[in-house]
Amino acid sequence: MGPFPHIPKNAPHPDARAFVDVILGRRHVGRPPMVEYIVDPMVMKPVLVDFLGIGWVDAVPGDRRSWELHLDGLIQFWYRMGYDFVRVEIGMGFPTRQILGEDPGTQRRRGWVDQHHGTIETWDDLERYPWPQADQTDISVLEYIATHLPDGMGFITCHGGGPYEHLSAIMSYEGLCLAVHDQPDLVRAVADRIGQCMADYYDRLLTLPNLICIFQGDDMGFRSGTLLSPDHLREFTLPWQRRLARKAHDAGKPYFLHSCGNLSSIMDDLIDEVGIDAKHSFEDAIMPVTDFQARYGDRIGVLGGVDVDKLASLAPEDLRAYVRRIIDTCAPGGRYAVGSGNSIPSYVPVENYLTMIDEAQR
C-alpha cells in the first residue's frame, strides 16, 4: 500500500463527547471528525493486517473466545483509523421470505428479501406471524463492545433496519404498494407491531454504557423519490421514527438518520416532525453533500458524503482532490463529519478507503 502520511502511527486520542458536540453545533473545530455507518470486513481485515500489522480473528459460531477476539479487532479498527466511536447494530430478526444465492462480488452465501411475496399478506398471516421479543434478543455483542472501548471512545448503535425497511420486507415491496390502497388497515397494524417491537428494543439499547447517540438506518428512497408516497410514509412509518427519536432524546442522546435515496419531499418532516439531529447517506447523482449542507446545514448535522461510486472507482490522486473539495466546502459551516456517502462496501479498494481517511486526517 502507498504512503499515507497523515494517518498517525499511534491512534489519536478519541473524544466521543467532542464528536457529538460538533455534530450538534455546540463546538466548532478546525479539522472535522470522521464518521462511518458500516465498514465491510473485507476492507476492515486488510487494513488491520496489512496496513496496521494487527491480527484478525474470524468469529466461530459457538466459540465465545473467538468472538471476543474478533470484536477486539473490530474495536481496534475504529480506534486506529481515528474514529471517536465504534458503530455496530443488531436487529431483532423479523422473519421474511428470502431468496438465497451467492453474492457475485464476494462469493459469499447470502439472502435477498422476496420483493413480490410477503410473509404477511392477510389478517390471518398477521395473527400467525412470530413477532420477535425485545427482551429475548441476544445483544451480548453490543454489551461487549460498549464495555471494552479505549478511553475517550463512545459507542453508537441502533436497531438493525428501520420501520419502513421492515414493513416493506415483511409485506414485500410489491405487496406493500398494493396494500396501502387495498388494505390500509392491515398495513397500519403491521407497521404498529413493528414499531412497538423496535420501541421495546430501544429501551434496552438506551441503557448500554458509553452510548453517545442512536444512528438509525431506514432506507426510504431511490434516485428520484421516496419508495412509498410521502403521504403514506407520513401515515405509516414516520410516526414511529418520531417515537424512536423521542426515546433517544428523552435519554439525552441525539438521533441520527441514515436513509438512502431522494428524500427531498419528506426532509422537512424528518427535521421538524421526526426530530433528526443529523442526516447520512448522500449520492452525487441525487444531491451532492455540499448542496445538502448549503440547504439544510443550519438546521441539522451533515454526515459523510463521499460518493461511494467515486470512492470505489477514482484513482487515488483524483479521489484525494475530490475529498478535499468536500471538506473545504463543508467543514467551515460546522456540524459536519467526513466519511463515505453510504458505507464502505467490499468492492471499495483498500487503498481508496485509506486515501479518504488520510485526507480527512490532514
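Below are the figures for this structure:
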| quantity | calculated |
| --- | --- |
| Pairs with Cβ under 8 Å, 6+ apart, first in region 138-167 and under 22 Å from Ala16 (Cα atoms) and small (Gly, Ala, Ser), second part of a helix (DSSP H, G or I) and modelled with pLDDT under 95 | none |
| Yes/no for Ala315 being surrounded by fewer than 16 Cβ atoms within 10 Å (Cβ to Cβ) and aliphatic (A, V, I, L, M) | yes |
| Residue among Asp114, Asp124, Asp103, Asp72 that alone is farther than 30 Å from Val274 by Cα, surrounded by 14 or more Cβ atoms within 10 Å (Cβ to Cβ) and acidic (Asp, Glu) | Asp72 |
| Scan of region 323-340 for residues that are surrounded by 17 or more Cβ atoms within 10 Å (Cβ to Cβ) and part of a helix (DSSP H, G or I), ordered by number | Val323, Ile326, Ile327, Thr329, Cys330, Ala331 |
| Set Tyr79, Tyr37: member being under 30 Å from Asp307 (Cα atoms) and either in contact with a Cys (Cβ under 6 Å, 6 or more places away or on another chain) or not in a helix (DSSP H, G or I) (or both) | Tyr37 |
| Members of region 156-168 that are surrounded by fewer than 23 Cβ atoms within 10 Å (Cβ to Cβ) and of a type outside the set (Asp, Glu) | Gly160, Gly161 |
| Search result, residues across region 90-131 that are over 18 Å from Arg193 (Cβ atoms), assigned to a loop (DSSP other than H, G, I, E, B) and within 23 Å of the chain's Cα centre (by Cα) | Asp103, Gly105, Thr106, Arg108, Asp114, Gln115 |
| Count - residues of region 168-209 that are within 25 Å of Arg17 (Cβ to Cβ) and without any contact (Cβ under 8 Å) to a residue 12 or more places away in the chain | 1 |
| Boolean, Ile90 is modelled with pLDDT of 95 or more and β-branched (Val, Ile, Thr) | yes |
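The values are calculated or read from the model by the stated rules, or taken from the named source; none is laboratory data. Just so it is clear, the structure is predicted and the values come from calculations on it, not from any experiment. Note that we place each Cβ from the backbone using ideal geometry, even for glycine, and neighbour counts take in every protein chain shown.
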